[in-house]
1. Which ordering of 197, 127, 232 is given by a fewest-first count of other beta-carbon atoms within 10 Å?
2. On a full-extension model of 0.36 nm per residue, what is the gain between residue 254 and residue 138, subtracting their alpha-carbon distance, rounded to one decimal in nm?
3. Any chance you could give the angle, 0 to 90 degrees and rounded to 10, that helix 237-246 forms with the longest Cα principal axis of the chain?
4. When DSSP assigns beta bridges and you keep just the ones with both residues in the stretch 6-251, what percent turn out antiparallel, to the nearest 5?
5. Subtracting the Cα-Cα distance from 0.36 nm times the residue separation, let me have the gained length for residue 186 to residue 64 in nm, one decimal.
6. Over the stretch 66-141, calculate the relative contact order: mean separation of alpha carbon pairs under 8 Å at least 6 apart, over the residue count, as a percent.
7. Let me see the pair-distance distribution of the stretch 50-115: every alpha carbon pair, 10 Å bin width, integer percents in order.
8. Expressed as a whole number of Å, what is the distance separating the alpha-carbon centroids of the stretch 214-231 and the stretch 135-192?
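Since every read-out is calculated from the coordinates, none of them should be taken as a lab result. Not measured: the values here are computed from a predicted model. Here Cβ is always computed from backbone atoms with ideal geometry, including for glycine, and neighbour counts include all displayed protein chains.
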């Protein structure tokens, strides 16, 4: 597809039905259909088919979820990014899928597993950061707990935007707000964070606070956004290019290599 200087990004902030892929997929189909032909990218929460569950047996997605996303991406003429519990061979992954309308996709398996919930005992880890190219933009794909680790998001790939999809609970939502803003400022990029709402099967409460920040850490959405809704924002490539040219902070980074 032809590059675009300006792109529309839609954030779906919603409740998730605990460990019920069938109902969640039906719910997201209705929401995605509302966006057909009017946006460029749609962002869904982390584990959007189940909620943040440590019980993937019998619930984990397989490649059929790719077809589900492909069908909506093609009909809507937009890309979609979200994560699901995924079974591959004999292992489980918290897998991010960036699906384009032409059926091509980029996969990112969550690197930092949430040890407080025992995620490392259930799901295998990804390794490296993953960049998805779309419409002439570069998106760094991340998932929830990755947000706490700035070195992993370090902008050495000249990406344009960071995307975080999450199930980030109410008791720590202040950290979510602060860290999203920090990642935007330190990497001189747009940051898109999509969190869920409602209460999960473990009793954990979520109040959204999905947000988009620009290079200067300025919010796009009136804060706090805590209800179920869909918000669409316009991202402008010139905003990134002009400020990076004027404020050459990325050129002053300390050099080091991850091993």
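1. Lowest to highest Cβ neighbour count: 127, 232, 197.
2. That works out to 39.5 nm of additional length.
3. 40 degrees
4. Here the share of antiparallel DSSP bridges comes out near 65 percent.
5. Here the segment from residue 186 to residue 64 would lengthen by 40.2 nm.
6. 23 percent
7. 21, 51, 25, 3
8. 14 Å
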